[in-house]
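Reading through the structure tokens given below for one structure.
The values are calculated or read from the model by the stated rules, or taken from the named source; none is laboratory data. Since this is a predicted model, take the numbers as computed values, not measurements. Reconstructed Cβ throughout: ideal geometry from the backbone, glycine too, with neighbour counts over all protein chains shown.
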Amino acid sequence: MQKEILGHIDCPTCGGAKAMRITHDKNGDPFGYCEYSCRQQLRIGGDKYRVKKFIERFHWAAAPVPVTVPAQVAKTTPEAPKIPVTVTVPEQAAKPVKRDAFAHAMALLGGGK
């Protein structure tokens with residue numbers, strides 16, 4: 001899958017002029033990759049302040065605003081009438097006796113109650 005290249009900036013590592021391409025990462029934040037010699041990656045996302053400052057400097061790197069069109073929901077069948085349902089809940093069994101760990105160990109070893 002080819003990502004849309006938003007633009008290029010100078011690489012901060014190797015200094016290549018317009019060597020770092022800027023795309024969007026999986027979260028829609030700007031992400032840089034040097035196409036020149038150093039292959040440096042620049043993660044801009046993950047911090048809202050850092051993303052804000054980067055977009056203020058490079059306004060073309062802003063995430064596109066998704067346009068959503070509300071879908072028409074068609075009712076094809078009428079709703080069925082709601083019938084009350086009676087559910088019987090079985091009585092709960094007696095609560096298990098809480099055992100003391102030491103007394104239980106002694107009982108297993110034959111020295112307890």
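Quick one: is R99 in a loop (DSSP other than H, G, I, E, B), at pLDDT 70 or above and not aromatic (F, W, Y)? When the stated conditions are applied, R99 does not pass them. Residues that are at pLDDT below 70 and in a loop (DSSP other than H, G, I, E, B) are absent from region 81-88 altogether.
Mind checking which residues of region 6-35 are over 27 Å from the mean Cα position of the chain (by Cα), assigned to a loop (DSSP other than H, G, I, E, B) and among the hydrophobic types (A, V, I, L, M, F, W, C)? Listed by number, the residues that qualify are C11, C14, A17, A19. For residues that are closer than 23 Å to G15 by Cα, touching a residue at least 12 places away in the same chain (Cβ under 8 Å) and under 21 Å from the mean Cα position of the chain (by Cα), tally how many sit in region 36-64. Qualifying residue count for the region: 5.
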